[in-house]
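Okay, structure first, notes after.
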Amino acid sequence: MLTINSLSKSFDKGKTYALENVSFNLKAGQVCAIVGESGSGKTTLVRLIAGLERPDHGSIAMNDKIIASLDKFIQPEKRKIGLVFQEYALFPHLTILENVLYGISKVRNKKKKAQEMLDLVGLSDMGKRYPHQLSGGQQQRVALARALAPEPSLLILDEPFSNLDTMLRTQLRNEIFEIIKKTEVTVLFVTHDTQDALSVADEILILQKGKVIQKDVAANLYVKPNTLYVASLFGSTVHINKNLQNAFRCPLKQDCCHAIRNEKIIVSPSSAEADCEYITAAQVIKQIQLGDSTQLVLKLESGEQLTVMTQDKNIADTIYVGFNSKDILEFEQE
Amino acid sequence: MQQGGNNNEAFSLKTRIKRLKRDVNKWSVFTLAIVFFLALPIIFIGVELFSGPGETWGHIVEYLLPDYIWNSLYLVFICSILVLIFGVSSAWFVSRYDFLFRKQMEWLLILPLAIPSYIVGYAYAGIFDYGGSLDLLLRQLGLEFIRIDIMNRAGLAFVLSISLFPYVYVSARAFFLNQANNLLEASKMLGVGERKTFFKLMLPLARPAIVAGLVLVLMEVLNDYGAAKYYGVNTFTTGIFRSWFSLEEPQTAVYLSALLICFIFALILFEKWQVRKIKFTSSKTNSTQIQRNEAKGAVQWMIFLVVFLPILLGFILPVAQLIYWAVITASTVFDMEFVMISLQSFAIAIASAIITVLFALILIYFSKWSTLSTIKNISRIGVLGYAIPGAVIAIGIMIPTLALDKWLINMLGKFGIDTGLIINGTLLALLYAYAVRFLAVAYNPIDSTALKVDNSIPDSSKVLGVGNIRTFFKIDFPLIKTGVFSAVILVFIDVMKELPLTLILKPYHIDTLAVKAFEYASDEMVMEASIPSLFIIFTAMIPVIFLNKLLIKK
Amino acid sequence: MKKLLLAVATISLLVACGNDNKKNENSATKESSKDQVVNIYTHRHYEPDQDIFKMFEEKTGIKVKVINASADELIQKMKMEGKQSPADVLITVDAGRLSRAKGEGLLQSINSDILENTIPAHLQDVDNQWFGLTKRARIIAYAKDRVKPEDLSTYEDLVNEKWKGKILVRSSSNIYNQSLLASIIANNGEEAAQTWAEGIVANMARSPKGSDRDQVKAVVAGEGDLAIVNSYYIGKMLNSPDAEEVKTAQQIGLFFPNQGDRGTHINVSGAGVAKYAPNKENAIKFIEFLISQEAQQVFTEANYEYPVLESVEPVNDIKAWGDFKEDNLSLNKLGENNKKAVLIFDAAGWK
């Protein structure tokens, strides 16, 4: 339902790009998460789709109709997109009910509709309050109710949980996506947190420095990441650089970049017990207890340092670490 | 790769033109039209420059220009120092401490704005005069009169500073009240003392706000005519009047104005540059207000004196002198006409304040909606009028309005309609001139409040299906209301005080209090000028107090 | 808040429209014969003038409409307005600007026997473009306790070494000083005028500032001994509501210079009919009225000026100063030499 084609945007007349040649599709009813660090172009992408910025190149189409391109631009108010801002952007001088009513002033039975929306987000009796009288989580839900009220065909959530603390965040995320599922709206969910993305998204799109790195279902991102960056986003990863290759005596393909998941690194008290192709002895420099697992800082025979995780409780001073070639992730050189 | 191709293509001329075609909307066109309308007088003056200076230009450069430059620099320098001392110290104390009469002093400190600086000048001349109030007072006390000569360059700097410091006070206080609290607490937690906190932390942080106020003050200083003339100090502005009227060479006057404008632009550029260097002020208002310390004992008295001094010098003394004169001359000068003139002045000032604010709102929001970044920059040309002396704007307005009038008369004459001058010499021309002159006064407070409204708020409105204009009325306007009202009040006060422009452009049978006061004063009837001056002060005082309420409520 | 704003806007607009309507009436009256008007551009900001205008209105039924501004601004305004100018009469407080207005082609010659015959020849324009209404003499005010009037003689004598640091005079941007120097240029030539200006600057007690009244006060305060001022300011000070000013004025003496030769420099406040006057007849009637017995009486009584109408007696304060010989220089010369005078002032360093 949303088609984005080689979309580019620069804020300094082409010197640097906030968004460069981005293309992807979104199917109706899907929840797609866009993951990226701050400055990766997530917000620019959102603003372009919502019509708050104009593309320098490329096009955006919704339901096969172009809404922004080089010669066409549909005003944001005509796009029927719901948008929940990072900072909620509730109208501070209007009550909660008025906020929700705002986008549906032309709808019949608007009062009833607005109240329904408030019921949906569980703020039935808060209608007469003002935004500043609400907690952050409540404000977030009002923003959602307001965005959903006009029944948009696409709902964009721009970092909706970044202002909340961790406990509240998980709870609210689950609540909100439960509400969203009831409405069957297509969702674009922008976040810098992979946990958020993994827990709710059908598909995840990784954005780095204004470019799409990978777009796939969650499982594939873990198993077949396109880059080291993606790999490290979805699980702690060790980059097997030249020095490590030497340390483990495992020559790897020259023009590629290699990594291994931390949990695939095998730690054992003796070389015999370890069942792996590449292995080396190491001295334990430091142990850090992290709940049920232990983090070890190791000094390898070659002198390299390496940090690994283990479930073992009893660690000798000298141990063996190693891995198997099937577990090595290989990427094109970045 | 393909990407490189895309980049080149995205900023090739062809794509740029395509985008321009897409992005030009009615707002861009309206903005340009309004900027052009407001810049018209300035453009006409610019065109005058091409006809060359008058024949006495060389004479002026030889005999007078060094004096103009030197005196103007002197005034800029001394006034900056005095205004900073008066404005910043009082702003800091009223926002940081609680002391005797603090609430009253907070608004009393704005009141000097209500008195035109040339009237403060007359009042001080009267106080320090031989046979003046100070002389009388000292003789009553049986003391010898030590004559302090105030009518010189230093005296002028003092008079201008004491009547203009509230600009700095207002902007510095706004900063201290609204943005300083977190930092102040942080500094306290680090165990830093009051004095160091002020000089090492607050002062550098408040610098952009303070300098913004200071630039306003300096523009007023450079544009002052009445006080400089009376105190016998030759400045650019007195020079403009001299070459226009005494030497009968408007072109020379235009050349001097051009120089003055360069001078002022240098100041503005300086402000921009110094604000750019320090971008640490958050544009969002801090939700917590500053916590006041309660001052006690000797400290309380010291603070009281520091804050009271500018009020005494800038308001109480001059007003007392004016009241004294008014009492002596009331029988000969006062009549019901003054009530009429006051009403007229009030109506003109309100009308022009509203018109000017409308222009400012249109410029700010239309250029925002136009989405072309160049338009936003161009729109700032509209605020240049404040840098240009009133008399020069008056010339700039007369040229085009008369041309238009003549054209209209010709056109309508063909149909046998004789209209006379339609625009020139009417209220229209005057209101137009005020709008050109004071647009910056309205623009700045509105723009700064508008900046505090996070873009996501109007953006959400648009995403919810509401267009620009309705978004403005339903969302933006309620949120920037304080800024808009402050703008209305500030323009109102400025128009009440405005002189040279009004003198030249005012229609028949409309008098303003400022004109009336100047008529008396220019005819050496300074005492008789006191009654219209007091009327100005009292008419301007009410909105000044109202303004203070707005500023605090924020 | 919105309502308040709306209400205020409506009221102001109403007032503004009201004013505009008035204005339209004004322009309309140009053609309609019913409502006779005369439009005055005047630099005279004196309260008594209002009374004279009222007297004229009562007598003739012609409404007087006034624009008050400095003569320079009024001249610029008339120049820009050109043929469309609504001005009928231009009144200034000096002859220099009237002759400048004449030079710019802003005035017209008129035929009025009353004006021509009543006003002394040197106080009116040779082409009958303007007429003097009242006279003011630029005299020397001296400290009675420090200066013997016998030591004073002429303007030229003021550059004498003996007055070093004793002379008080206002800024050269003042038209009365410009006219005085213009008369010296006309009488003694440019070079002599230059030397004179430099001599005065050398003898000044302080840098020029303030008004004529301030010069008088400074004499009494002891800053200097002599002040070059206009006669009527002394009259005004003697009748000031401020007791201190009266006391001050009483301590100084008046000296009319150059009685032995050409006479004391005088200037006039005068009027001319605008070139494109829409109401020319009314304009002439108006100026004629200004030199009538009753108007002249008001001028001298309320403003301490010398009447041009010889049959009118000056008020007592003025009479006390005695008769004096006036410089009969044609006042057109003041306008002709005005710019030269300003240039000389600048070159001489007279601020």
- Please give every one of the aspartates and glutamates within straight-line cross-link reach of A:K113, meaning a C-alpha to C-alpha distance under 18 Å, and leave out same-chain neighbours fewer than 8 residues apart. A:E98, A:D125, A:E151, A:E184
- Task: Using the structure shown, select from A:K65/B:K462; A:K182/A:K211; A:K211/B:K376 the pairs with a Cα to Cα distance greater than 28 angstrom.
- Result: A:K182/A:K211; A:K211/B:K376
- Relative contact order (percent, whole number), chain C, Cα cutoff 8 Å, 6+ residue spacing: 27
- iface C-B | buried accessible area, total | probe 1.4 Å | Å², round 100 | 6500
- Report the residues of the range C:151-194 in range of a label on B:E55: point 7 Å along Cα→C-beta, backbone N strictly under 11 Å from it. none
- Message: At 1.4 Å probe size, with the rest of the protein present, what percent of the exposed accessible area of the range A:1-101 is carbon and sulfur atoms?
- Response: 49
- Among A:K181/B:K368; C:K209/C:K247; C:K77/C:K325; B:K506/C:K217; B:K497/C:K59, which pairs are too far apart, with a Cα-Cα distance over 31 Å? A:K181/B:K368; C:K77/C:K325; B:K506/C:K217; B:K497/C:K59
- Item | Charge-dipole axis of the range A:247-300 as Lys and Arg at +1 and Asp and Glu at -1 on Cβ define it, positive-most pick from A:A272, A:P251, A:T294 | A:P251
- Query: Which value, in debye to the nearest 20, gives the size of the charge dipole of the range A:69-206 about its Cα centre, when Lys and Arg are +1 and Asp and Glu are -1 at the Cβ?
  - Reply: 820
- Task: Quick one: which residues, 5+ away or cross-chain, put their amide H under 5 Å from the amide H of A:T237? H built at 1.01 Å from N.
- Result: A:N262
- Message: Just checking the output field for B:16-29: average partner chain Cβ neighbours within 10 Å of each residue's Cβ?
- Response: 2
- Dipole magnitude of the range B:310-416 about its Cα centre (Cβ charges: Lys, Arg +1; Asp, Glu -1), debye to nearest 20: 600
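Excluding ligands, DNA and RNA, what is the solvent-accessible area per residue of the range C:157-298 at a probe of 1.4 Å, expressed in Å²?
Value returned for the range C:157-298: 29 Å² of accessible area per residue.
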- Prolate/oblate/rounded label for the range A:15-93 (Cα gyration tensor, a/c 1.5): rounded
- Top positive-direction residue, dipole computed over the protein assembly as shown with Cβ charges, set C:I110, B:L312, C:L90: B:L312
- For A:I74 paired with B:I146, estimate the spin-label separation in nm (one decimal), with each label point 7 Å from Cα along the Cα-to-Cβ line. 8.2
- Once phi is turned into ³J(HN,Hα) by the Karplus curve 6.51 cos²θ - 1.76 cosθ + 1.60 with θ = phi - 60°, what whole-Hz value does each residue of the range A:130-136 show in order, with x for glycine and proline? 9, x, 5, 8, 9, 6, x
- Message: Give the average, rounded to an integer, of partner chain Cβ atoms located within 10 angstrom of each Cβ in B:520-529.
- Response: 5
- Note on the structure: For C:K164, the aspartates and glutamates lying under 19 Å Cα to Cα, once residues fewer than eight places off in the same chain are dropped, come out as C:D145, C:E150, C:D151, C:E156, C:E198, C:E223, C:D225
- Potential extension, A:H93-A:M1 segment - 0.36 nm per residue separation minus Cα distance: 29.6 nm
- Percent RCO, i.e. relative contact order, over chain A, from Cα pairs under 8 Å lying at least 6 residues apart: 16
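Run the helix sum for chain A: -39,500 (n - 2.57) per DSSP H stretch of 4+ residues, divided by residue count, reported at 222 nm to the nearest 500 deg cm²/dmol. Let's see the in-between values first.
Details: 9 runs with 83 residues, N = 334.
The per-residue figure over chain A is -7000 deg cm²/dmol.
Run the helix sum for chain B: -39,500 (n - 2.57) per DSSP H stretch of 4+ residues, divided by residue count, reported at 222 nm to the nearest 500 deg cm²/dmol.
Value at 222 nm, helices only: -23500 deg cm²/dmol.
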- Note on the structure: With B:T401 itself left out, Lys, Arg at +1 and Asp, Glu at -1 over residues whose Cβ is under 13 Å from its Cβ give 0
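State to the nearest 20 debye the size of the charge dipole of the range C:79-232 about its Cα centre, where the only charges are +1 on K and R beta carbons and -1 on D and E beta carbons.
On the way: 19 positive and 21 negative charges, 126 e Å.
Computed charge dipole of the range C:79-232: roughly 600 debye.
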- Is there a pair in A:K215/A:K299; A:K209/A:K299; A:K78/B:K474 whose C-alpha atoms are over 26 Å apart, and which pairs would that be? A:K215/A:K299; A:K209/A:K299
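Of the listed peptides B:531-540, A:290-299, what is their order by residue-averaged count of other C-beta atoms within 10 Å, with the highest listed first?
Top of the packing list down: B:531-540, A:290-299.
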- Item | Stretchable slack from B:Y63 to B:R292, in nm (0.36 nm times residue separation minus alpha-carbon distance) | 77.0 nm
- Message: I'd like the mean, over residues of A:260-271, of how many other protein chain beta carbons sit within 10 Å of each residue's own Cβ.
- Response: 0
- Item | Pairwise burial B:A, computed as accessible area of each alone minus the pair, summed, 1.4 Å, Å² | 3100
- trypsin sites (Lys or Arg not before Pro), restricted to the range A:62-110: which are DSSP loop and have at most 14 other Cβ atoms within 10 Å? A:K72, A:K106, A:R108
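So, by mean Cβ neighbours within 10 angstrom, what's the order for B:111-123, B:193-205, B:450-462 with the highest one leading?
Highest to lowest by the protection proxy: B:111-123, B:450-462, B:193-205.
The values are calculated or read from the model by the stated rules, or taken from the named source; none is laboratory data. Please read all numbers here as calculations on a predicted model, not as lab measurements. Using ideal geometry, Cβ is built from the backbone for each residue, glycine included, and neighbour counts are taken over all protein chains shown. Heavy atoms of the whole protein, side chains included, go into the accessibility calculation; ligands, DNA and RNA do not. Shrake-Rupley method; radii C 1.70, N 1.55, O 1.52, S 1.80 Å.
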